[in-house]
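K.L.:
Below: one structure in structure tokens.
The values are calculated or read from the model by the stated rules, or taken from the named source; none is laboratory data. Small disclaimer: the values here were computed from a predicted structure and weren't measured. Using ideal geometry, Cβ is built from the backbone for each residue, glycine included, and neighbour counts are taken over all protein chains shown. Each accessible area value is taken on the protein alone, full model and side chains, heavy atoms only, with ligands, DNA and RNA left out. Shrake-Rupley method; radii C 1.70, N 1.55, O 1.52, S 1.80 Å.
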Amino acid sequence: MVDVKGKWALITGASRGVGRQIALQMSKEGCHLILHSRFLSHTEKIEQEVRALGVKAYSVQADLANQQEVVAMLDEIMQRGTPVDIVFNNAAVQIAYRTDYWQTPAEDFTTSFQINFIAAATICYRLIPPMIERGFGRIINTTSGIRNEPEQAAYSASKAALDKFTTDLASRLDGTNVMMNLTDPGWCRTDLGGPHAPNSVESCVPGIVVGAFVDDYKSGRLFPAQAFAHMTLAEAVSKAQTM
């Protein structure tokens, strides 16, 4: 099991929901954090919370719908000289629930793909090569189990693209100490999941972070967070390494 104490993790969408749970869990393990949101004001509270747990943290802002802002955020991280060891590509949007799915506009797809897939891919392409040079890295891309719902076609298709991208790129990392895997938080009560989801947002830990701690040199897997609910982190890592 990886000791993340003193390492740096970038968490996109860190201000609330699943991202906030990731930030709290990682800071409890001693991991320093780069907290992303659309506006710096959104992460003020979680930044204070994780610092109170004894780790370093700073916030970055970018509207992931704007590719120039994504690149500028990564430029800022590089200019600060932060060695990003772990990436949680957590941020995502569900544009609309189209009951008349035959009328789904193209804009649903362009926006969903930019935020849910292209931004994440850009982060991977920028941050993985330095991980390879340093000999350590963990990338955890958040997917979704939604299927057979054309009402959410743009969201589902963008996540399917992220799945394919992850497993394809992971083939170049398998067997190294830079590992890239997928996670699915399950249907949780968040702003995206809505108030009627069956799972509390807290139930996604420790499973949502398990990909940062596995140490078996295997990439391209899916770790469904709800499969690790109510486990300790050590138990979750042990189970994950059998999957």
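K.L.:
Of the residues LYS28, LYS5, which is at pLDDT 95 or above, closer than 15 Å to ILE208 by Cβ and open to solvent by 50 Å² or more (accessible area, probe 1.4 Å)?
P.N.:
LYS28 is the lone residue from the list that is at pLDDT 95 or above, closer than 15 Å to ILE208 by Cβ and open to solvent by 50 Å² or more (accessible area, probe 1.4 Å).
K.L.:
When the residues of the stretch 199-237 are narrowed to those that are touching a Pro at 6+ places or on another chain (Cβ under 9 Å) and of a type in the set (Ser, Thr, Tyr), which ends up farthest from ARG138 (Cα to Cα)?
P.N.:
Checking each candidate, the answer is SER203.
K.L.:
Keeping to the stretch 209-232, report how many residues are open to solvent by less than 20 Å² (accessible area, probe 1.4 Å) and farther than 11 Å from ASN181 by Cα.
P.N.:
3
K.L.:
Sticking with this structure for a sec: Go over the candidates GLN25, GLN67, GLN103 one by one and state the one that is in contact with a Pro (Cβ under 8 Å, 6 or more places away or on another chain) and polar (S, T, N, Q). Show your work before the answer.
P.N.:
Details: GLN67 fails: in contact with a Pro (Cβ under 8 Å, 6 or more places away or on another chain); GLN103 fails: in contact with a Pro (Cβ under 8 Å, 6 or more places away or on another chain).
Sole residue among the options that is in contact with a Pro (Cβ under 8 Å, 6 or more places away or on another chain) and polar (S, T, N, Q): GLN25.
K.L.:
Just give me the residues in the stretch 109-119 being open to solvent by 10 Å² or more (accessible area, probe 1.4 Å) and out of contact with any Phe, Trp or Tyr (no Cβ under 8 Å at 6 or more places or on another chain), in sequence order.
P.N.:
First, pick out the residues of the stretch 109-119 that are open to solvent by 10 Å² or more (accessible area, probe 1.4 Å): 109-111, 113-115, 117-118.
Residues satisfying the conditions are PHE109, THR110, THR111, PHE113, GLN114, ILE115, ILE118.
K.L.:
Let me ask another. Have a look at ARG134, ARG138 and point out the one that is out of contact with any helix residue (DSSP H, G or I) (no Cβ under 9 Å at 6 or more places or on another chain) and among the charged types (D, E, K, R). Walk me through how you get there before you give the answer.
P.N.:
Values: ARG138 fails: out of contact with any helix residue (DSSP H, G or I) (no Cβ under 9 Å at 6 or more places or on another chain).
Going through ARG134, ARG138 in turn, just one is out of contact with any helix residue (DSSP H, G or I) (no Cβ under 9 Å at 6 or more places or on another chain) and among the charged types (D, E, K, R): ARG134.
K.L.:
Within the stretch 126-138, does at least one residue satisfy the condition of being outside any helix (DSSP H, G or I), under 17 Å from ASN89 (Cβ atoms) and not hydrophobic (A, V, I, L, M, F, W, C)?
P.N.:
Kept after step one, since they are outside any helix (DSSP H, G or I), are these residues of the stretch 126-138: 135-138.
If we keep only those that are under 17 Å from ASN89 (Cβ atoms) as well, we get 137-138.
Filter again for not hydrophobic (A, V, I, L, M, F, W, C), leaving 137-138.
The answer is yes, given that some residue of the stretch 126-138 is outside any helix (DSSP H, G or I), under 17 Å from ASN89 (Cβ atoms) and not hydrophobic (A, V, I, L, M, F, W, C).
K.L.:
Being under 17 Å from VAL87 (Cβ atoms) and loosely packed, with under 15 Cβ neighbours inside 10 Å is the filter here; which residues of the stretch 169-208 pass it?
P.N.:
The answer is ARG172, and nothing else.
K.L.:
Among what's in the stretch 67-119 and is part of a helix (DSSP H, G or I) and of a type in the set (Gly, Ala, Ser), pick the residue that is farthest from the chain's Cα centre (by Cα). Talk me through it step by step, then tell me what you get.
P.N.:
Initial filter on the stretch 67-119 (part of a helix (DSSP H, G or I)): 67-80, 101-103, 106-119.
Pick out the ones that are also of a type in the set (Gly, Ala, Ser) and you get 72, 106, 112, 119.
Numbers: ALA72: 19, ALA106: 26, SER112: 16, ALA119: 11 Å.
This residue is ALA106.
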